[in-house]
Amino acid sequence: LLQCAMLVAGGVGASLAAQTAYQQKPIKFIVPFAAGGSADMVARLLAERLGLALGQSVVVDNRGGNGSVLGTETAAKAAPDGYTLLLSNGAAMTTGPLMGQITNYRPLTDFVHVNLFGTFTNALIVRADHPAKNVQDLLNMIRQQPGKINYGSAGVGSAGNLTGELLKQLAKVQMVHIPYKGSGPAFNDLMGGQIDFMFNALIASAPYIKGGRVRALAVTGHQRDAEFTQVPTLAETVPGAVGDAWFGLSVPAKTPPMVQERLRADMARILAQPYMRDKLAELGMQPLGLDKPEFQTFLEQEIKKWVP
């Protein structure tokens, strides 16, 4: 009877089969950034909780490169069976393609956007021995050496890149952008002296700020951070210079609807847990938990906002 019902139901039956088979092998969670950065930290926390909810392993697969486009393309080409998840982000889905990144996917039609986790604030950081004590010092240095001061980011179109370009435009300065495959490699080069400054997730930078290894000159949000109240916002020196980032869960288009619903429901429950909200807050993220319709609308609005 069950088999007959599934045949009669057609597409619904296929979805049921996909959900039933969901326990057969590990789920791959593609993170389109190198290991060690804020994206990786968030993904591993969520992969652990989602694995518990699904009763099986969710394996993080770091595919950094080309401003997070490489990993996103891999996810777009994956079989739409629910075994490939993507940590989606603004660099790959909105700003990167609009900034000239060559992509072999369409953000709004090649994916189903399941849940928008939240947004987080970056910090403008320099090494502890850097001569700039504040944003104005840094801008003065850039003006004195036009085209010679460089900054790093997690890749072309990333929040750090966009904030850097916004700073360049608003402050009318000339500086060089060095893109990396993730914030982790960029941070390593900052510490090694290969780059002058970078915009990095505040939470990822926090231990180094507290330990005195890096200096935070500003945060990129709309207001000062509750933990680092002494650090001004970038906009306090350069009005309008605000740059938040976001992360979400997306899957390839044509993933069976019942699998989508399973992921949506599980993610909603996970993000509603006080434990998870506290953990994400510790990672510097402001949880949003927008489900599929709201997430899709958010993306459409973001694309319109950044259209030249």
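The values are calculated or read from the model by the stated rules, or taken from the named source; none is laboratory data. Every value quoted in this text rests on a predicted model; they were computed, and no experiment measured them. Neighbour counts run over all protein chains shown; Cβ positions are idealised from the backbone, glycine included. To get the accessible areas, we keep the full protein, side chains included, count just its heavy atoms, and leave off ligands, DNA and RNA. Shrake-Rupley method; radii C 1.70, N 1.55, O 1.52, S 1.80 Å.
Given that compact globular proteins tend to follow 2.2 N^0.38 Å, what is the ratio of the alpha-carbon Rg of region 106-175 to that value?
Rounded to two decimals, the normalised Rg is 1.45.
Provide the per-residue ³J(HN,Hα) series for region 83-90, in order, calculated from phi with Karplus coefficients 6.51, -1.76, 1.60 and θ = phi - 60°, each as a whole number of Hz, with x at glycine and proline positions.
Result, ordered by residue: 8, 10, 10, 10, 7, 7, 7, x Hz.
Taking square-rooted eigenvalues a ≥ b ≥ c of the alpha carbon gyration tensor, is region 214-296 rounded, prolate or oblate, where a/c under 1.5 means rounded and, failing that, a/b exceeding b/c means prolate?
Here region 214-296 falls in the prolate category.
Taking only pairs that are 8 or more places apart or on different chains, how many Lys pairs in the chain have Cα atoms under 21 angstrom apart?
20
Counting Lys and Arg as +1 and Asp and Glu as -1, each charge on the Cβ, what is the dipole of the chain about the Cα centre in debye, to the nearest 20?
Once rounded to the nearest 20, the dipole reads 240 debye.
Separation between the Gln296 and Arg44 pseudo-spin-labels, each 7 Å from Cα along Cα→Cβ, expressed in nm?
The modelled label-to-label distance comes out at 3.5 nm.
What part of the accessible area of the chain, given as a whole %, is carbon or sulfur when the probe is 1.4 angstrom?
About 55 percent, which is the carbon plus sulfur part of the accessible surface.
Taking just the alpha-carbon atoms of region 179-227, what radius of gyration and Dmax come out, in angstrom?
When restricted to the Cα atoms of region 179-227, Rg and Dmax are 11.1, 31 Å.
Kindly report the accessible area of region 28-88 per residue (heavy atoms of protein chains, probe 1.4 Å, no ligands, DNA or RNA), in Å².
Computed with neighbouring chains in place, this is 32 Å² per residue.
Rounded to two decimal places and with Rh computed the Kirkwood way over Cα pairs, what is Rg over Rh for region 160-244?
Rg divided by Rh gives 0.94.
In a Gaussian network model over the chain where Cα atoms closer than 10 Å are linked, find which of Leu139, Leu170, Leu116 has the largest mean-square fluctuation.
It is Leu170.
What number comes out for accessible area per residue over region 115-183 if the probe is 1.4 Å? Units Å², please.
Accessible surface, normalised per residue, equals 38 Å².
Apply the Karplus curve 6.51 cos²θ - 1.76 cosθ + 1.60, θ = phi - 60°, to the phi angles in region 65-72 and return the couplings in whole Hz, x for Gly and Pro.
Coupling constants for region 65-72: x, 6, x, 6, 6, 4, x, 5 Hz.
From largest accessible area down, sort Thr119, Thr297; use a 1.4 Å probe on the protein chains.
Thr297, Thr119
When DSSP assigns beta bridges and you keep just the ones with both residues in the chain, what percent turn out antiparallel, to the nearest 5?
Among the beta bridges of the chain, antiparallel pairing accounts for roughly 65 percent.
Run the 1.4 Å probe and let me know the accessible area of Glu227, rounded to the nearest 10 Å².
110 Å²
So what are the ³J(HN,Hα) numbers for region 208-217, from phi and the Karplus equation (6.51, -1.76, 1.60; θ = phi - 60°), rounded to whole Hz, Gly and Pro as x?
6, 5, 5, x, x, 8, 10, 10, 8, 8
How far apart, in nm, are the 7 Å Cα→Cβ label points at His177 and Leu52?
Placing both labels 7 Å beyond Cα along the Cβ direction yields 3.9 nm.
For the chain, build the charge dipole from Cβ charges (+1 Lys, Arg; -1 Asp, Glu) around the Cα centre, then report which of Leu217, Gly90, Pro131 sits farthest towards its positive end.
Farthest towards the positive end: Pro131.
Which residue, chosen from Ala281, Pro232, Leu167, occupies the Cα position most advanced towards the positive end of the dipole of the chain, where the dipole is computed from +1 (Lys, Arg) and -1 (Asp, Glu) charges on Cβ about the Cα centre?
Checking the options against the dipole of the chain, the answer is Leu167.
Go from 0 up to the bin containing the longest alpha carbon distance in region 156-308, width 5 Å each, and give me the % of pairs per bin.
P(r) over region 156-308, rounded to whole percents: 2, 7, 14, 17, 18, 17, 12, 8, 4, 1, 0.
Under the rule of at least 5 residues apart or a separate chain, name every residue whose amide H is placed under 5 Å from the amide H of Val231.
none
In terms of the Cα gyration tensor, with a ≥ b ≥ c the square roots of its eigenvalues, is the chain rounded because a/c is under 1.5, prolate because a/b exceeds b/c, or oblate?
Taking the square roots of the gyration eigenvalues as a ≥ b ≥ c, the chain is prolate.
How many angstrom lie between the Cα centre of region 170-209 and the Cα centre of region 218-287?
20 Å
How far is it, in nm, from the label point at Asn134 to the one at Asn104 when both lie 7 Å from their Cα along the line to the Cβ?
Rounded to a tenth, the inter-label distance reads 5.0 nm.
With every protein chain left in place and a probe of 1.4 Å, what is the accessible surface of His222, to the nearest 10 Å²?
His222 has an accessible surface of roughly 150 Å² with all protein chains in place.
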